[in-house]
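No value in this document is a laboratory result; all are computed from the given coordinates. Here the structure is a predicted model, which is why all the values come from computation and not from measurement. As a convention, Cβ positions derive from the backbone with ideal geometry for all residues, glycine included, and neighbour counts pool all protein chains shown.
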Amino acid sequence: MSMNEDKIMNIALVGVGGMGESTRGSYAGIPGANVALLVDANEDVCRRAAEAMQVDRWSTSFEDALAPDIDIVDISTPNHYHAAQAIAALNAGKQVLIQKPLAPSVEEAERIVEAARRSGKQAGMYMSYFDNPLFYEIKDIIDQGLLGEVSSVRARAGANSADFVKPGNWRNSAEKTGGGALIQMALHPLNMVQWLVGRQVEQVTAFSHNRMSPLIGGDDVTVATCYLDGGILAAVEASYCSYEFTLSVYGTKGFITVSENTRVELVLGDAYEGSFIRYGKPRQVEHLSFPNLSVSRVRLDDNPHDQHATFVKAMQRGEPAPIPVDIGLRDLRIVKAIYRAAEERAIVDLRESVG
Ligand SMILES: NC(=O)c1ccc[n+]([C@@H]2O[C@H](COP(=O)([O-])OP(=O)(O)OC[C@H]3O[C@@H](n4cnc5c(N)ncnc54)[C@H](O)[C@@H]3O)[C@@H](O)[C@H]2O)c1
C-alpha cells in the first residue's frame, strides 16, 4: 500500500439537507474519509446536520469549503449552483464530487469539464443508482452473452412530484433544473442504459409535455426513443407524476427486468451465479426479490459499490474519478437533444453538436 492510500481526506459537504442528508450517512464508515466541514445556505439545516454528525465546523458560506485543509468538496446543492461551486472548488485545488445533473445547461457543464482539465484535479459525478450491486451483475450477465445479442432496452424513472415539490422549491423553475422530469429523473436510466450495453446514444426523438404538475417547471412526462450506436433501440421515459423505476434489457436469448421495489425478473440462455442474482434453469422465467437493494436505497453493511467510498479511494490513490464529469456532460447533451427533438417534432442527431 502506498503512502497515498493512508492519506486522510478532509471532506467538505456542501448542501446537507435534501439528498445531502442520505449522502452524509454514507461517509461515516469510509476509511480515510474525514468529514471536516458542513456547508448549507440554511443555517438551521446546517446546525442540525453538524450536531447529528458531530462535526464542529459548519458554515452557511460556501467560501469556507475552499479552506486550505479541505481535499474534497462534495456538492449536493440544487443544479443551478453546481457550476459556480464546482469551478471555484477546482480552481482552489480541490477534488470535486457533484450530484447529477452536472448543471442546468450544456454551457455550464462544459465550463466545469474545462475547469477540471485546467486544474489537473478530479471532478466526478455521484449517480446514486451506481451504488446498487444489482446493476453490476446485470452488466456482467449482458457482457457474458447470457441475453444473447441485445436488441432493445426500455427504462423509466418516475416520482410523483406533488408529494414533495412545494411552491418556492427550485424544481418550480425549468431554468434552475435545466428542464423538468427528464433532466431530474431520466438521467439515471439514460446513463445506466448506455453503460449496461456499452453503447452510446446517437439519435433521439421524443414527446414531452407538462399536463398534471403545475408546480414543476418544464416537463412532467417525457417519452423518448433513442438509437444507440450498433443499432440497439432504447425507449426512455421520465415522469414527475407517477412512481416506479423499471429497466429491461431484451436479447435474442432472454431478457432481464429490474424494478424499483427490489424485483428482478429474468430469462437467460444459461445459468448465472452472482453474489445476488442466481439463475439455474436456462430459458425459464425466474422471479427474484432483493429487499435490501431497492433502486433508490441500498441497505448493505459493507457495500463495495458505495460511490462515496470509491471516489475517496480513487482520490487517495491519485486515480481518475470513477464517473468523470465528461459522462455528465455527455448525458446532459442527450437530455437537451431530447428536449429539442420534442419541441421541433424532429429527430436530433447527437453526432452533430447539440447545445
Ligand atoms: N437520486 C439522486 O441521485 C438524487 C435525488 C435527489 C436529488 N438529487 C440531486 O441533488 C441535488 C440537490 O437536490 P435536493 O433534492 O437535495 O434539493 P433540496 O432543495 O432538497 O436540498 C438542497 C440543500 O442545499 C442547500 N442549499 C441551497 N442552495 C445552497 C447554496 N448556494 N450553498 C449551499 N447550500 C445550499 C439547501 O438549503 C438544502 O439543504 C440536485 O442536484 C438534485 O438533482 C439527486
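A few points about this structure:
- Within the chain, percent of DSSP bridges classed antiparallel, to nearest 5: 60 percent
- Taking packing as the residue-averaged number of other Cβ atoms within 10 angstrom, the listed peptides 35-48, 295-308 run from highest to lowest as 35-48, 295-308.
- Each part gets one Cα centre, and for region 289-338 versus region 179-232 those centres are 19 Å apart.
- Helical contribution to [θ] at 222 nm, DSSP H n ≥ 4, -39,500 (n - 2.57), averaged over the chain, rounded to 500: -9500 deg cm²/dmol
- Simple spin-label estimate for LYS253 and ASP6 in nanometres, 7 Å along Cα-Cβ: 4.8 nm
- Calculated FRET value between GLU63 and ARG283, using beta carbons and R₀ = 51 Å, to 0.05: 0.25
- For MET125, residues with placed amide H under 5 Å, excluding near neighbours: ILE98, ILE323, VAL325
- Lysines with Cα under 23 Å of LYS253, excluding same-chain neighbours fewer than 8 positions away: LYS139, LYS281
- For a paramagnetic label modelled on GLU51 (point 7 Å from Cα along Cα→Cβ), amide N atoms under 16 Å away belong, within region 1-40, to 17.
- Listed by chain and number, the lysines placed with their C-alpha closer than 17 angstrom to that of LYS176 are LYS100, LYS166, LYS336; residues fewer than eight positions away on the same chain are left out.
- Rounded to the nearest whole Hz, the Karplus-based 3J(HN,Hα) values (6.51 cos²θ - 1.76 cosθ + 1.60, θ = phi - 60°) of region 185-202 follow the sequence 9, 7, 4, 4, x, 4, 5, 5, 4, 5, 5, 4, 9, x, 10, 10, 5, 10, with x at glycine and proline.
- The length gained on full extension between SER275 and GLU107, counted as 0.36 nm times the residue separation minus their Cα-Cα distance, comes to 56.3 nm.
- Rough spin-label spacing in nm, given labels placed 7 Å along Cα→Cβ, for GLU352 and SER296: 3.8 nm
- Compactness of the chain, taken as the C-alpha radius of gyration over 2.2 N^0.38 Å, stands at 0.99.
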